[in-house]
């Protein structure tokens with residue numbers, strides 16, 4: 001080989017070494033090895049090029065955190081009812097969807113549901129549409145904001161106790177409302193202020209004889225504001241007092257009294273709440289309510305307020321809930337007088353037999369009087385039911401319920417109801 005050819009081979013060999021060493025020099029700051037020798041981890045057998053840095057791509061992915069967690073369910077049920085109003089069979093479809101957001105300071109929940117009923121050989125009716133929005137925001141460690149909104153359309157089913165045996169089509173009730181509150185802690189004291197507005201509109205009532213009653217005289221705006229003061233007397237017991245002011249403004253005069261029944265409400269209550277971990281929580285309170293009408297001829301209505309609630313969970317399989325409440329409100333469609341004063345009690349029991357079977361039972365009782373009228377109403381009911389979970393997304397449900405009401409105007413009404421169906425959820 002000539003001398004010129006040897007020089008050319010040496011130059012080509014040097015150029016190849018320089019090209020091969022360039023990646024090593026570029027990676028001289030790599031975490032493992034200084035890049036000057038063959039100890040760089042990217043040059044180790046079985047590492048490069050089979051598994052280069054970032055081969056999985058995990059650090060290149062954009063984080064995915066949806067703002068809302070979405071949950072939904074759909075129930076299909078068949079219901080047989082036998083009572084004072086006769087027999088009927090209904091098929092119900094009840095879809096529900098909810099959006100839930102839990103942030104470091106904020107919480108938002110949106111829940112919508114519908115109930116569609118198809119009586120036998122009749123058209124499909126929408127008996128309920130509901131949209132509820134709730135949100136909270138923690139301004140700081142001791143101050144919180146809470147807001148709620150609701151939009152509902154409901155219509156009772158003929159033949160249900162309390163509707164009236166002579167009612168062929170119950171009135172639709174459309175309502176919408178909004179409330180806002182703020183709560184703040186001052187040491188062992190906590191203070192809450194709330195404000196609310198509610199709008200209620202009622203449709204016509206159709207009697208079995210074809211008579212149509214206009215309920216537009218019950219369309220009303222309701223405005224309320226409240227103040228609550230609580231003292232954490234011990235780690236378990238809180239003593240509280242609360243007061244509220246409200247006003248009801250009707251669109252037009254009463255069709256019976258021929259005057260507007262606009263009124264102001266004022267109430268004051270005092271009570272105590274006890275909390276024993278997650279096992280037992282109880283609240284009891286009592287107070288007075290004064291409802292004074294703008295028209296002096298209607299006078300005023302004074303009512304005693306009683307409210308109580310108890311929740312008891314002896315173990316993870318049992319849950320007991322009981323409550324007693326007082327409701328003071330306008331009489332509504334079908335009611336008489338100027339004010340309905342109702343006392344109601346309810347009891348709910350739930351038992352989780354195992355991961356497949358849930359059982360439940362409930363009972364309720366109520367009595368009501370109508371100020372400015374001799375009408376009275378009493379009622380009670382009870383029921384049992386259960387859910388069998390076929391799998392994580394499907395459950396078979398079965399329920400039985402009996403209800404009875406005694407109204408001084410409409411007489412006695414009762415009904416037995418059996419319902420069976422299936423629920424599919426996310």
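The values are calculated or read from the model by the stated rules, or taken from the named source; none is laboratory data. Owing to the predicted nature of the structure, the values given are computational and were not obtained by experimental measurement. With ideal geometry, Cβ positions are generated from the backbone for all residues, glycine too; neighbour counts draw on all protein chains shown.
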- Sort out which residues of segment 214-263 are out of contact with any helix residue (DSSP H, G or I) (no Cβ under 9 Å at 6 or more places or on another chain) and touching a residue at least 60 places away in the same chain (Cβ under 8 Å), and write them in order of number. 215, 218, 220, 248
- Verdict on residue 250 being buried (at least 17 other Cβ atoms within 10 Å of the Cβ) and either more than 21 Å from residue 368 (Cα to Cα) or under 26 Å from the mean Cα position of the chain (by Cα) (or both): yes
- Query: When segment 179-223 is examined, which residues are found to be more than 13 Å from residue 332 (Cβ to Cβ) and not in a strand (DSSP E or B)?
  - Reply: 187, 188, 204, 208, 209, 210, 211, 214
- Query: Would you call residue 160 more than 22 Å from residue 229 (Cα to Cα) and part of a strand (DSSP E or B)?
  - Reply: no
- Take segment 256-280 and flag every residue that is part of a strand (DSSP E or B) and out of contact with any strand residue (DSSP E or B) (no Cβ under 6 Å at 6 or more places or on another chain). 276
- Query: Pick from 381, 335, 323, 411: which is crowded, with 18+ Cβ neighbours inside 10 Å and over 28 Å from residue 260 (Cα atoms)?
  - Reply: 381
- surrounded by fewer than 16 Cβ atoms within 10 Å (Cβ to Cβ), farther than 20 Å from residue 317 by Cα and at pLDDT below 95, is that true of residue 405? no
- Task: Inspect all residues belonging to segment 301-317 and state whether any of them is crowded, with 16+ Cβ neighbours inside 10 Å, in contact with a helix residue (DSSP H, G or I) (Cβ under 6 Å, 6 or more places away or on another chain) and either assigned by TED's automatic domain parsing to the domain that holds residue 409 or not in a loop (DSSP other than H, G, I, E, B) (or both).
- Result: no
- Message: Please pick out the residue among 117, 167, 142 that is touching a strand residue (DSSP E or B) at 6+ places or on another chain (Cβ under 8 Å) and modelled with pLDDT under 85.
- Response: 167
- Restricting attention to segment 188-201, does a residue exist that is without any contact (Cβ under 8 Å) to a residue 24 or more places away in the chain and either under 20 Å from residue 117 (Cα atoms) or in the same structural domain as residue 145 (by TED's automatic domain parsing) (or both)? no
- Residues of segment 276-289 being surrounded by 15 or more Cβ atoms within 10 Å (Cβ to Cβ) and either modelled with pLDDT under 95 or closer than 30 Å to residue 336 by Cβ (or both), in sequence order, are 285, 287, 289
- If you go through segment 111-142 one residue at a time, how many are more than 23 Å from the chain's Cα centre (by Cα) and over 24 Å from residue 68 (Cα atoms)? 10
- Task: Give segment 290-300 a look and list any residue that's buried (at least 16 other Cβ atoms within 10 Å of the Cβ) and either assigned to a strand (DSSP E or B) or under 25 Å from the mean Cα position of the chain (by Cα) (or both), or say none.
- Result: 291, 293
